[in-house]
Each structure stands twice: as C-alpha cells, then as structure tokens.
Amino acid sequence: MASLRGDSNVTAVAGATAENTAGGDGVFGESKGGKGTGVHGVSAAGFGLLGESTTGRGVVARSDSDYGLRAASRASAGIRGSSEEGRGVEGWAKKGEGVMGLTETGNGVWGQTDGTGIGVLGTSKGGDGVTGISQADKGNGVHGVSDKGFGVLGESKSGRGVVANSDTDYGLRAASRTSAGIRGSSVEGRGVEGWATKAEGVVGFSTGGNGVWGEADGAGTGVVGTSKSGIGVYGKGGRLAGFFEGDVEVTGDLRMMNADCAEDFDIAGPTAAEPGTVMVLDAAGALTVSMQAYDRRVAGVISGAGNYKPGIVLDKQHSGGNRQAVALMGKVYCKVDTQFGAVEAGDLLTTSPTMGHAMKTDDPMKAFGAVIGKALKPLAEGQGLIPILIALQ
C-alpha cells in the first residue's frame, strides 16, 4: 500500500496538493531502494510530471554518477526544449561535451533554422568550433545541406576558415554541375594557391576544355611559370606544344634542338617527295624534283632525313594541297650521287642528272647560281645520304 494517496474526479482539482509556505520543498520524494523512484508521475494523456516556476527553474535533475536527467520516447523526441526568446536546449560541461548526439541510423545532431539564422553554429575560444567524426567506411563527419545558402560555412578572423586533411584521399573535394568546382577569391592575396612537397602544386584536367586557364584583366600576366633550377614553362601537345597569338619577346637565347631552317612550299604533283631530295622551281612557282645538272632553279632539300629535323619551319599553312618543308639554311641530310665524282668534306654540291640527287661541282662557271651547299662528310662511291650545310648561291 502507498504511504500517501490522493484521488479526485474533478479536472480542475488535484488528486493531492502539498504546500510549503516557509520556502522549503512542496513535495519531497525519496526512495532508499536500489532502483526505486523518488517521485513517479503517470498520466494517460497529460504531463507525467510538470514543474513550473515564475523566476527559478521549472525542473532540476541531479545525479552524482548517472544521467542528471534521462527522458525517453518511442516515437517522438526524447527531450524537447522550447523558448520564445532564449535557447531551446543548452548544454554546459566543464570537461566533457556540452551537447552530444548519438544515433544508430539517423543524424547524430540535426540543426535547422526556418529563418536567416545558422542551422548549426559552433564556436570555441581555444579549440575547434565544430568537430565531426565518422567511424563508418563512408559516413560523413559533418554534412551540411542548404537549398540556397552555404552548405557549410567556415569563418575565422586570423586563422583558416576551413581546414581539410586526409591521409590517403583528397584533403578537400568540391564538385558542381554547372559552376566551378572550387572558387577561391582574395582581395590582396592569391585567389587559389597550391603547395606540394614532391608532386605538382596545381594540376588541371579537362576532358573537353582547357586544362589550366589563366587570364588577367589588368596589366598582369595571364600565366606565369617560374623555376629556381628547372623549366619555367613546359608545353607538350599532340598537335602543338605551344601556340602564341601575337608578338613574342625573348630576352635570352632561342635554342633549337633540331638542325635546319626550313620553309613550307607547294610541291607539284600529288606525291610527297622523300626527305633528302633536291628540289627545283617549276614554271608555276611550285617545287619539283631536280633532274638535270647545274640547275639554277634549285630551291633546297626536303627537310627531315636522317638525324636532322627542321628547327624552324616558316610559312606553315593549312592547305588541301601537297606542301612540304624545304631546308633553306643550316644542316640537312641530302641525297648525293658519286658517279660524277667522289665527294669530300667541304666540296660544293650542285644538282645532278640523277633525279633528286646532288653531285660534286667541277665547273665553277656552271655552278654559279646552282650551288646547293657544302658537304659535311665524304661519300667515296655510290649513292647515299650525307649531311650538308645548305648555302644556296
């Protein structure tokens, strides 16, 4: 039997009432059993326990070693706090977490605002404002969602707004369907800065656009490449390694790794001439293969034979016709026929009766205006390719 029992069948009348006019407890409930309840309130549809105060706390719950207050519900919130002007729920702790949310399948902590406030605001005087940890394989430490505002906003007056670290994956990955994946802006510093110890500082990939785009609206440089000990700018392409629209200014040397200075010419006929072939002008101004000795129409040698490739190609044009690079200056491999005389290094060469081949000059009067260049290596007999120094005269 209960020590105290009160009954009432009137809604406005309490079943039991206790009052203390001296300032003490109105009702004090104590249980000395192992798991008994000091005060137990039960209601079918109302409040199981209601605490009200005009200036003090409505309900105070304390415990030395267990939860100060534990509330549970099967289908609704375990605890609901509401306030018209203050905080809905406030957690305070000296050493542990102020508020901690745990869930098996839902969100650990959910923050939502219907107005212009922040869904979740984390501040710290000496530590992290917000720390999100996920121990699942693909769970998110922090997940921020917004229809029109920022999904996650990080702000700092003197530190970093957001820091993202990972041991084996991207430190930060951002994706957008129609806008930039990442946009960095700064009034006085760099918009985006990439720094790496062993790999590239910044890498740009694109399947249909530009890998890296640099543009300056003022007097700055669109793209600047510098290196203390390596190459400032390196370009490699399937069609062109580099393309410049406008003037190019170079303050140092231009070092061409290939040999000759060539120029594109229209070649008569649909078939391309072999590299090393001696070419002459035809009546229409195109080039054709040489076929007679001491031909003063000689124009040069088709570039690209042997180890010598053109270092500079002039008058490069997109054309539906047959155009080839012809060496006009520098070193080039040339077809030579020795049946008109063995060739020694330093000999002057001219056109020969053999199609597309040069020969040693033996008549200075005939050679005037028909010299191709000088042999750089000898050819004792037969036909072959030898390097020559182009010197049309």
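Any read-out appearing in this document is the output of simple, stated calculations on the displayed coordinates, not a laboratory observation. Since the model is a prediction, treat every value here as computed from it, not as a measurement. Every residue, glycine as well, gets a Cβ built from its backbone with ideal geometry; the counts of neighbours run over all protein chains shown.
Quick notes on this one:
- Residue-wise HN-Hα coupling along the range 49-64, computed from phi with Karplus coefficients 6.51, -1.76, 1.60 (Hz; x: Gly, Pro): 9, 10, x, 10, 8, 6, 10, x, 8, x, 9, 10, 10, 9, 7, 7
- Beta-bridge orientation, the chain: approximately 85 percent antiparallel, per DSSP, counting only bridges with both partners inside.
- Computed from backbone phi with θ = phi - 60° and the Karplus coefficients 6.51, -1.76 and 1.60, the 3J(HN,Hα) list for the range 244-256 is 10, 9, x, 6, 10, 10, 10, 8, x, 7, 9, 9, 8 Hz; x is used for glycine and proline.
- Rounded to 0.05, the FRET efficiency of the D315 and K374 pair, given R0 = 41 Å and the Cβ-Cβ distance, is 0.95.
- Interchain or long-range residues, amide H under 5 Å from D295's placed H: T351
- Gap separating the Cα centres of the range 199-232 and the range 310-342, nearest whole Å: 36
- Between A45 and T207, the simple spin-label model (points 7 angstrom out along Cα→Cβ) gives 6.1 nm.
- Volume per residue of the C-alpha convex hull in the range 249-307, rounded to whole Å³: 138
- For N322, the residues 5 or more places off, or on other chains, whose built amide H falls under 5 Å of its own are I267.
- Highest-MSF residue in the chain out of N165, N307, N20 [GNM, Cα springs under 10 Å]: N20
- Computed lengthening from E200 to R57, 0.36 nm per intervening residue step minus Cα-Cα distance: 45.4 nm
- Computed over the range 281-327, the percent of Cα pairs more than 16 Å apart is 49.
- Rg ratio (alpha-carbon, reference 2.2 N^0.38 Å) - the range 260-390: 0.97
- Here's how it looks for V313: its modeled amide H is under 5 Å from those of A262, which are all 5 or more places away or on a different chain.
- Among the trypsin sites (Lys or Arg not before Pro) within the range 273-318, those in coil by DSSP and having at most 15 neighbouring Cβ atoms inside 10 Å are R296, K316.
- Projected label distance in nm at E104 and A284, using a 7 Å step from Cα toward the beta-carbon: 8.8
- Here the extension length gained between K95 and T11 equals 25.6 nm, from 0.36 nm per residue of separation less the Cα-Cα distance.
- The chymotrypsin sites (Phe, Trp or Tyr not before Pro) found in the range 193-301 that occupy coil by DSSP, while having at most 15 further C-beta atoms within 10 Å, are W195, F205, W213, Y234, F243, F244.
- Potential extension, V120-D266 segment - 0.36 nm per residue separation minus Cα distance: 45.3 nm
- Spin-label model, N307 to L69: label points 7 Å out along the Cα-to-beta-carbon direction sit 8.9 nm apart.
- Along each principal axis, Cα extent of the chain, largest first, Å: 142, 39, 38
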